[in-house]
1. Does THR142 qualify as being of a type in the set (S, T, N, Q), open to solvent by 60 Å² or more (accessible area, probe 1.4 Å) and in a strand (DSSP E or B)?
2. One residue is enough: does region 15-23 have a residue meeting the conditions in a loop (DSSP other than H, G, I, E, B) and of a type outside the set (A, V, I, L, M)?
3. Please go through region 165-188 and give me each residue that is in contact with a His (Cβ under 8 Å, 6 or more places away or on another chain) and of a type in the set (Asp, Glu), ordered by number.
4. Of all residues in region 197-210 being in a loop (DSSP other than H, G, I, E, B) and open to solvent by less than 70 Å² (accessible area, probe 1.4 Å), which is nearest to GLY14 (Cα to Cα)?
5. Does region 145-161 hold any residues that are assigned to a helix (DSSP H, G or I) and open to solvent by 10 Å² or more (accessible area, probe 1.4 Å), and which are they?
6. Take the residues in region 55-69 that are under 16 Å from the mean Cα position of the chain (by Cα) and of a type in the set (Gly, Ala, Ser); name whichever of them is most open to solvent (accessible area, probe 1.4 Å).
7. Pick from region 164-196 the residues that are of a type in the set (S, T, N, Q) and either touching a residue at least 12 places away in the same chain (Cβ under 8 Å) or surrounded by 13 or more Cβ atoms within 10 Å (Cβ to Cβ) (or both): which of them is nearest to ARG131 (Cα to Cα)?
8. Could you check region 102-139 and list, in sequence order, the residues that are open to solvent by 30 Å² or more (accessible area, probe 1.4 Å) and either over 14 Å from PHE189 (Cβ atoms) or assigned to a helix (DSSP H, G or I) (or both)?
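The values are calculated or read from the model by the stated rules, or taken from the named source; none is laboratory data. Bear in mind the structure is a predicted one, so any value in this text is a computation, not a measurement. Don't worry about glycine lacking a Cβ; one is built from the backbone with ideal geometry, like all the others, and counts go over all protein chains shown. Side chains included, ligands, DNA and RNA excluded: accessible areas come from the protein's heavy atoms. Shrake-Rupley method; radii C 1.70, N 1.55, O 1.52, S 1.80 Å.
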Amino acid sequence: MDWRTWHDRYDLGGSWLERRLQAVQSQIRAALDRSPSGPLQVISLCAGQGRDLLGVLADHPRRDDVRARLVELDPRNTAFAGDLVRAADLDQVEVVTADASLTDQYRGMVPADLVLVCGVFGNIADADIDRTIDACSQLCRTGGTVIWTRHRAEPDRVPLICERFETRGFDLQWLSEREAGFGVGAHRFTGEPQRLASGVQLFGFIGYDVLKQANTEADGA
């Protein structure tokens, strides 16, 4: 999968990806709007081109309160995100070209007020989904928000993801309708943040295309 050209579908008017982006941005705005006054910290795992967060921060009233770190492995996508940062004069936003699955990438930025796990759960194994949700209690501060995405194709893991978050002290704030054709969720953390574990890899990024092929082969076995 070429993750640079994959992002081009955001520019297709009316596409499901454009609609999903709009849903994520709406939840980002809501999370920033209800955040307490003062400095805010935001982290984005597998940030891609950063269109979700950067598209909101560009004109949001809290933009100058936000310190953010976007972590993405593909340097072409981080270059795109860097251009967006400079165009909007978002001096407190850091774009890092690195492996977003490693906990050390978020040192000094957690617990955060807003944690974005978008474009992750559809590209990793079920066990890694669990591990990443577990780690959100290290990444998110009490009262903070986690926003995540997952496709609704079979096997539909959206209900399971919601259940996992809820059993770990995250209250569901919003979930996209099943008929939307995609899954976007926002959960508020009500527990106490745990200390960030060092040197831990949360997931292996497999890719939804590889996972889909594996599921197809398993069904036909």
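1. Details: of a type in the set (S, T, N, Q): yes; open to solvent by 60 Å² or more (accessible area, probe 1.4 Å): yes; in a strand (DSSP E or B): yes.
The answer is yes for THR142.
2. Taking region 15-23 first, the residues in a loop (DSSP other than H, G, I, E, B) are 15.
Filter once more, so that each one left must be of a type outside the set (A, V, I, L, M): 15.
Scanning region 15-23 turns up at least one residue that is in a loop (DSSP other than H, G, I, E, B) and of a type outside the set (A, V, I, L, M).
3. Across region 165-188, the qualifying residues are GLU166, ASP171.
4. Step one: filter region 197-210 for residues in a loop (DSSP other than H, G, I, E, B), giving 197-200, 202-207.
When the remaining residues are screened for being open to solvent by less than 70 Å² (accessible area, probe 1.4 Å), the result is 197, 199-200, 202-204, 207.
Details: ALA197: 41, GLY199: 41, VAL200: 39, LEU202: 33, PHE203: 31, GLY204: 31, GLY207: 24 Å.
The qualifying residue nearest to GLY14 (Cα to Cα) is GLY207.
5. Kept after step one, since they are assigned to a helix (DSSP H, G or I), are these residues of region 145-161: 158-161.
If the condition is that a residue be assigned to a helix (DSSP H, G or I) and open to solvent by 10 Å² or more (accessible area, probe 1.4 Å), then PRO159, LEU160 are the ones that fit.
6. GLY55
7. Residues of region 164-196 that are of a type in the set (S, T, N, Q), as a first pass: 167, 173, 176, 190, 194.
Checking which are either touching a residue at least 12 places away in the same chain (Cβ under 8 Å) or surrounded by 13 or more Cβ atoms within 10 Å (Cβ to Cβ) (or both) leaves us with 173, 176, 190, 194.
Working: GLN173: 21, SER176: 23, THR190: 19, GLN194: 14 Å.
Out of the qualifying residues, it is GLN194.
8. Residues of region 102-139 that are open to solvent by 30 Å² or more (accessible area, probe 1.4 Å), as a first pass: 102, 104-105, 107-108, 110-111, 125-127, 130-131, 134, 138.
If the condition is that a residue be open to solvent by 30 Å² or more (accessible area, probe 1.4 Å) and either over 14 Å from PHE189 (Cβ atoms) or assigned to a helix (DSSP H, G or I) (or both), then LEU102, ASP104, GLN105, ARG107, GLY108, ALA125, ASP126, ALA127, ASP130, ARG131, ASP134, GLN138 are the ones that fit.
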